[in-house]
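Read-outs: derived from the displayed coordinates by stated rules, not from any lab. Just so you know, these numbers come straight off a predicted model, no measurement behind them. Counting neighbours? That spans all protein chains shown, and the Cβs are built from the backbone with ideal geometry, glycine included.
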Amino acid sequence: MATWSEAEAREIVRRHSGREGPLLPILHDVQAAFGWVPPEAVRVVADALNLTRAEVHGVVSFYHDFRAGPAGRHVLKLCRAEACQSMGSEAMAQMILDRFGVAWGDTTADGAVTVEPIYCLGLCSCAPAAMLDGEPIGRLDRAVIDDIAREVGR
Amino acid sequence: MTTRIFVPRDAAARAVGADRVAEALQAEVDRRQLDVTLVRTGSRGLFWLEPMIEVETSAGRVAYGPVKASDVPGLVEAGLSQGVAHPLRVGRPEEIPFLQRQTRVTFARCGVVDPLSLHDYRAHGGYRGLARARDLGPAGTIEEVTASGLRGRGGAGFPAGIKWKTAADAAADRKYVVCNADEGDSGTYADRMLMEGDPFSVIEGMTIAGYAVGAAKGYIYIRSEYPDAIRTMERAVAVARAAGCLNGFDLEIRVGAGAYVCGEETALLESIEGRRGQVRPKPPLPAHKGLFGCPTVINNLVTLSTVPAILADGAKAYAVLGMGRSRGTMPIQIAGNVRHGGLFEAPFGLTLGEIVDEIGGGTRNGRPIRAVQVGGPLGAYFPRALFDTPFDYEAYAARDGLIGHGGVVVFDDSVDMARQARFALEFCGIESCGKCTPCRIGSVRGVETIDRIIDGDRRDANLALIEDLCQTLKFGSLCALGGFTPYPVMSAIRHFPEDFGRPRHAVA
């Protein structure tokens, strides 16, 4: 993940300048580039789109996806919605949180992994479901949790 | 002759190892220098059998599942490419009872074709709908959609043809078609499967809608939780564009950012425009004043994907299916604690008992079914006493429930319904857009009140308070998020009163 660069942020904005309603695509690309949406990016984007910083901040803070701080090297999203609940996802999630020593939304002290709640991944017939760095994982059980822990180096 | 072996690339199949199976197969094919081509498809939707692979034989396709990567060498050794007997062989896919009982209209190609092959798409009936629409003309196309009885599959059930006619009749030099693929309801994945398994049906449906209402631009708004679907849809749009299939209609994909409320149509439009996904009061209707203030047809993805088949085979063929005012088929998504979970497309009218007991086969762990939530997080929890309810918009409404986007989530007898009611209110609070007071504040007060009930604090007074709060939410909210949260809450209280106000169950 790149460190903050105003030039890169301006380049992202420029890339989307021809679009109608470019703010969300820009913010997605900013987060893809820097791992989060830094306050400096809010200033740059607001300036380029002729919006106030408050307006851009309002959008950034509205959507769960946009991070107000950097995440760990891996991001593990655990589904907490009903279909997964019916298959014991909450107990499974607690097991993972305990194992990594984190609370929801936290990153492990070594920066290895951030564990976030998510409400439905559309894998509801293979519950409980999770997503590790964008890759879908279904039928979560102890063995699968071991695989995940290995993958993130814990 | 080259043998084709089909392995799904559907996200749910990948989630249970389809990629590892495909890699193992390729390695085995290479090692033995077999004349075999691997084709990655969508999923048939029989998820307890995933990863399910299919082999093309002279007698049709033969399926095997659930296949693990470690099964592959043995399968190939036994003669997989001839479709031989094996403990994992489940026979011809079309003859698996779960598929045999279905009427696949919208999902006819899903899991069968290579999702990114226009040749496959056309060979399986694709683009016949658009050709017929062109013969009928814009007005004739709208009449056909109206005559089919197709209603909004996102959950609202509004007649698609009437929506289209309203947008077509609106005078404007710019109009839009928007496909709502912000499929946030737990227990649903029909949009995801179509995007990953038959993306051209979405594109054709939108092209037809654009032609019918006079729109030159379309947006597909896909939730960010679906990276696989986004990838496949992006590629499919590029393929269609390069092949000249869009024919003057331009399509763009927009990715959501984790806000459930953006599945509400006006919040979705706000989001595309680059704002907080806050609900707009109606009127004006999007068909009059929608995206960027222009007349906009906004439909759920399943609705749009069904249009090509309706046009291709005629409104009548679709309208003869179903019951009452619910015409055609519905892709029911059977999920949660269920033995045979998967996508079941059938004409409206199946009872809930048929769906979860006969088709779903009961719970996955064999315990008795206690509750079934139909229609996502805003849908009611039904007890066994209501299992005779037919799958139909009006029948569910009459029992204070909804069919929503067709999600059916099964719970066994360990479920604590007070916790489920609490979750419904908590979810409403997490996802509330904040625009209207009942939803923004009522959800939080509701959680606090349920907590008191769970703690046994003035049970009756607090239950009365919840009921009153639910009335306010139902009639005072701007959109379905606040307006329908009372369904899961009140159904849990009404049908499972014994779970409220007793000492808390130990969490399993």
DSSP bridge pairs, the protein assembly as shown: antiparallel proportion in percent, nearest 5: 50 percent
Karplus (6.51, -1.76, 1.60) ³J(HN,Hα), θ = phi - 60°, over segment B:365-371, in Hz, Gly and Pro reported as x: 8, x, 6, x, 6, 10, 8
Assigned charges on the beta-carbon of Lys, Arg, Asp, Glu; the protein assembly as shown dipole about Cα centre (debye): 880 debye
Sequence of B:255, B:444 once ranked by neighbouring C-beta atoms within 10 Å, starting from the fewest: B:444, B:255
Highest-fluctuation residue, A:71, A:143, A:127 considered, GNM on chain A with Cα pairs under 10 Å: A:143
Whether segment B:126-319 is rounded, prolate or oblate, judged on the alpha carbon gyration tensor where a/c under 1.5 counts as rounded: rounded
In Hz, Karplus ³J(HN,Hα) per residue of segment B:462-468 (6.51, -1.76, 1.60; θ = phi - 60°; x = Gly, Pro): 6, 5, 5, 5, 4, 4, 5
Local electrostatic count at residue B:60 - Lys and Arg +1, Asp and Glu -1, tallied over other residues with Cβ under 9 Å: 0
Residues B:261, A:30, sorted so that the one with the fewest Cβ neighbours within 10 Å comes first: A:30, B:261
Prolate/oblate/rounded label for segment A:6-62 (Cα gyration tensor, a/c 1.5): rounded
Calculated from backbone phi, Karplus (6.51, -1.76, 1.60) coupling profile of segment B:485-491 in Hz, x at Gly/Pro: 3, x, 4, x, 5, 5, 5
Amide hydrogen neighbours beyond the local backbone of residue B:252, cut-off 5 Å, H modeled: B:218, B:219, B:220
Lys, Arg +1 and Asp, Glu -1 on Cβ, resulting dipole of chain A about Cα centre, debye, nearest 20: 80 debye
Among B:210, B:139, B:200 - extreme Cα towards positive end, dipole of segment B:104-227, charges at beta-carbon: B:139
Neighbour-count order for B:260, B:221, A:119, fewest beta carbons within 10 angstrom listed first: A:119, B:221, B:260
